[in-house]
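The values are calculated or read from the model by the stated rules, or taken from the named source; none is laboratory data. As the structure is a computational prediction, the values presented were derived from the model and not from experiment. The accessibility values were calculated without ligands, DNA or RNA, using every heavy atom of the protein model including side chains. Shrake-Rupley method; radii C 1.70, N 1.55, O 1.52, S 1.80 Å.
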Amino acid sequence: MKKIHLWAGLFLAAWLTGCSTIPPAKHYGDIRLDSLKSAYVVIAPKGNPSIAGYIVTALAHHGLKVNSGALKDKPADVAFYVTYAEHWNWDVAVYLDTLDVEFMDNTTGQMIASGSFRNSKIAETWPNPRDKTIEVVDSMFTK
């Protein structure tokens with residue numbers, strides 16, 4: 001009976017820890033993110049402004065000079081700008097369901113990198129939006 005409880009516990013733990021995913025980020029072109037020194041986070045007009053703040057925090061941890069605001073206020077002298085789209089869902093509480101982050105070259109408008117977070121549809125969790133946002137940005141700096 002102890003073995004059954006052990007196996008059931010291990011299965012449950014493995015299942016619950018796999019409830020959300022941050023797949024490997026994608027990189028486009030040959031620009032090295034660690035060579036870039038400045039960024040601008042475009043605050044999504046209908047999004048949660050806290051997500052923009054979390055992205056700013058994550059980028060600053062990578063040594064970038066970062067500002068944020070509306071797309072129309074984007075400075076011409078930043079190396080790249082960041083756009084994001086998040087989707088929230090409701091169960092017992094409102095929670096982050098998906099997050100897509102894109103780094104765009106400020107000169108050409110071409111995508112440099114993209115990263116994402118997806119909550120599981122099998123066993124949804126209530127992930128910490130700050131932690132997941134930072135994990136997504138960090139994944140984009142990992143090549």
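Amide H contacts of SER38 (H built 1.01 Å from N, in plane; Pro and chain starts excluded): LYS65, ALA79, PHE80 sit under 5 Å, all sequence-distant by 5 or more or on other chains.
Phi angles of the range 34-42 translate, via the Karplus equation with coefficients 6.51, -1.76, 1.60 and θ = phi - 60°, into HN-Hα couplings of 6, 8, 8, 10, 9, 8, 10, 9, 7 Hz per residue; Gly and Pro are given as x. ASP91 contributes about 70 Å² of solvent-accessible surface, heavy atoms of the protein only, 1.4 Å probe. Largest first and in whole Å, the equivalent-ellipsoid semi-axes of the range 27-143 read 25, 15, 12, each the square root of five times a Cα gyration tensor eigenvalue. Spatially, the range 96-139 and the range 32-70 are offset by 12 Å when compared through their Cα centroids. Per residue, the accessible area of the range 87-133 comes to 51 Å² when a 1.4 Å probe rolls over the protein heavy atoms.
Given a 1.4 Å probe and the protein chains as shown, LYS74 ends up with an accessible area of around 60 Å².
The 3J(HN,Hα) values that the Karplus relation (6.51, -1.76, 1.60; θ = phi - 60°) gives for the range 127-141 are, in residue order, x, 6, x, 4, 4, 5, 5, 5, 4, 5, 4, 4, 5, 6, 8 Hz. Gly and Pro appear as x. For LYS37, the aspartates and glutamates whose Cα comes closer than 18 Å to its Cα, not counting residues fewer than 8 places off in the same chain, are ASP77, GLU102, ASP105, ASP138.
For the range 58-65, putting each phi into the Karplus relation 6.51 cos²θ - 1.76 cosθ + 1.60 with θ = phi - 60° gives couplings of 4, 5, 4, 5, 9, x, 8, 7 Hz, in residue order, rounded to whole numbers and with x for Gly and Pro.
Split the accessible area of the range 24-143 by element, probe 1.4 Å, and carbon with sulfur accounts for 54%.
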